[in-house]
Amino acid sequence: MNFCSFHHESMVWQQKARLRIDSESDDGPFQVLICWQCEDAACAAACPVEAIILDQQTGAWVVQEDICVGCGECVTACPYGAMYLDETRGVSIKCDLCQGAPECALLCPTKAISLERVI
């Protein structure tokens, strides 16, 4: 998560990461909350200003922050809890696959994170 926030925000700050770890307690069970890059993205469909677009090159749904109005409709619509509202900037954030080279997967010291295309 720290790689993610540093890549996107130039700071190590868990709340600015595009993926989150959720658990019932400190001992788990743990669940990763990250964008599934859905074929029919509910977040994009819910966006009233069409700020979430599909990047044809990477296959990732991307929030165009200059268009996003921060209404949170995409956050509510995401069935996986993988959209977050950055209240400081007033925009939604989500995993954008780091333009096709996800930092979390590239820098994970145990290689527990990988990027795979599921068909």
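The values are calculated or read from the model by the stated rules, or taken from the named source; none is laboratory data. None of these values were measured; they are calculated from a predicted model. Cβ sites come from the backbone with ideal geometry, for glycine too, and all protein chains shown count toward neighbours.
Identify, please: which residue in the stretch 45-80 is of a type in the set (Val, Ile, Thr), modelled with pLDDT of 95 or more and surrounded by 14 or more Cβ atoms within 10 Å (Cβ to Cβ) and is, among those, farthest from the chain's Cα centre (by Cα)?
So, considering only residues that are of a type in the set (Val, Ile, Thr), modelled with pLDDT of 95 or more and surrounded by 14 or more Cβ atoms within 10 Å (Cβ to Cβ), the one farthest from the chain's Cα centre (by Cα) is ILE53.
Output the number of residues of the stretch 26-83 satisfying the condition of being assigned to a strand (DSSP E or B) and either in contact (Cβ under 8 Å) with a residue 40 or more places away in the chain or aliphatic (A, V, I, L, M) (or both).
7
If you scan the stretch 22-80, which residues turn out to be among the acidic types (Asp, Glu) and out of contact with any strand residue (DSSP E or B) (no Cβ under 6 Å at 6 or more places or on another chain)?
Of everything in the stretch 22-80, those that are among the acidic types (Asp, Glu) and out of contact with any strand residue (DSSP E or B) (no Cβ under 6 Å at 6 or more places or on another chain) turn out to be GLU24, ASP26, ASP27, GLU39, ASP40, GLU50, ASP66, GLU73.
Every residue in the stretch 1-14 that is at pLDDT 80 or above, surrounded by fewer than 19 Cβ atoms within 10 Å (Cβ to Cβ) and under 12 Å from the mean Cα position of the chain (by Cα), please.
HIS8, the sole residue that qualifies.
Among the residues of the stretch 84-119, how many are under 14 Å from the mean Cα position of the chain (by Cα) and assigned to a helix (DSSP H, G or I)?
Total meeting the criteria: 7.
Could you look through the stretch 25-44, keep only residues that are charged (D, E, K, R) and farther than 22 Å from CYS4 by Cβ, and pick out the one that is modelled with the highest pLDDT?
That would be ASP40.
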